[in-house]
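Data first, discussion second: the structure below is written as C-alpha cells.
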Amino acid sequence: MKMGTEKQQDAFTAIMELDILNELSTYNPVLCGTLPIGIDISSSDLDIIMEVQEIEPFEELIKKLYNKEDGFTIKRKTINGKEVVKANFIFRGFEFELFGQAQPVHRQHAYLHMMIEHELLQRNPDLQQKVIQLKKQGYKTEPAFCKIFDITGDPYEGLIRFGVEEGIIMG
C-alpha cells in the first residue's frame, strides 16, 4: 500500500502514524478488506483483524490506546459461536475497525474473503469495476462477488465455499 493509489498511501501513512501494527503486534494484526485489493469506495473502512485468545486484556489495551480517537466505540459480540471484540474509530479521515477473535488470522473469514477476492480479481481484471459499481449501489463486498458469480445462499459462507471449489483456499 506504500506504493499504491493515493488513498492506499494515505491509509498506509495513517496506519504507520498510529503505530497500530507495532502496538498490537502480540495479536498478529493484518489489514484486510477492500482497500488493500483496490475495490474500495469512499465509505470503505480499514479492517485490522487479530488473533485474540484472552478478550479482557485485549479490550483494555484497545481502550487505553484508542479511546481518545474520534467516534471510538468498542463492543463484544458472538459470531459463529465465538466471542469477538470489535472497536471502531476515526483517524486521519479513515474509519478503523479492529476485530479480535480466538482464531489465527489466516483462518478468519475476513482474511479468507480477501484472499479469494484478490485471486478472482487477478484472474479477471474487468471484475474490479463491476464490484466497485455494485458497491456504489449499496452492495457489501461479499454479496457483490456472489451476485457476479451467481453464488447462492449466505454470501459470506458462499464465497468461502466458492474459494474452496475454485482451488483458491483449502477446505
Suppose every K and R has +1 on its Cβ and every D and E has -1 on its Cβ; what is the size of the dipole of region 109-165 about the Cα centre, in Debye to the nearest 20?
260
Could you please report the charge total around Thr78, scoring K, R as +1 and D, E as -1 over all other residues with beta-carbon less than 15 angstrom from its beta-carbon?
+3
Please say if region 6-103 is rounded, prolate or oblate, where rounded means a/c under 1.5 for a ≥ b ≥ c the square roots of the C-alpha gyration tensor eigenvalues, and otherwise the choice is prolate for a/b larger than b/c and oblate otherwise?
prolate
Contact order relative to length for region 6-103, counting C-alpha pairs under 8 Å separated by 6 or more residues, stands in percent at 26
Relative contact order of the chain (C-alpha contacts under 8 Å, at least 6 apart) in percent is 18
With runs of 4+ DSSP H residues as the only contributors, calculate the mean residue ellipticity of the chain at 222 nm using -39,500 (n - 2.57) per run, divided by the residue total and rounded to the nearest 500.
-13000 deg cm²/dmol
Please list the non-local residues whose amide H lies under 5 Å from the amide H of Glu95, H modeled 1.01 Å from N, same-chain partners needing a gap of 5 or more.
Leu46
Run the count for region 6-103, please: Lys pairs, Cα-Cα under 15 angstrom, 8 or more apart or on different chains.
6
In what sequence, highest mean first, do 13-21, 76-84 appear when ranked by Cβ atoms within 10 angstrom?
13-21, 76-84
For region 109-165, with +1 on Lys and Arg beta carbons and -1 on Asp and Glu, the positive-most of Gln133, Ala144, His109 along the dipole:
Gln133
Charge dipole (debye, nearest 20) of the chain; +1 at Cβ of Lys and Arg, -1 at Cβ of Asp and Glu:
280
Rg (Å, one decimal) plus Dmax (Å, integer) for the alpha carbons of the chain?
16.1, 45
Rounded to the nearest 5, what % of DSSP beta bridges with both residues in the chain are antiparallel?
75
Under the rule rounded for a/c under 1.5, else prolate if a/b exceeds b/c, else oblate, using alpha carbon gyration tensor axes a ≥ b ≥ c, region 109-165 is classed as oblate
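Read-outs throughout are calculated quantities, based only on the coordinates presented, and are distinct from any laboratory measurement. What you see is a predicted model; the values in this text were computed from it and never measured. Every residue, glycine among them, receives a Cβ derived from its backbone with ideal geometry; neighbour counts consider all protein chains shown.
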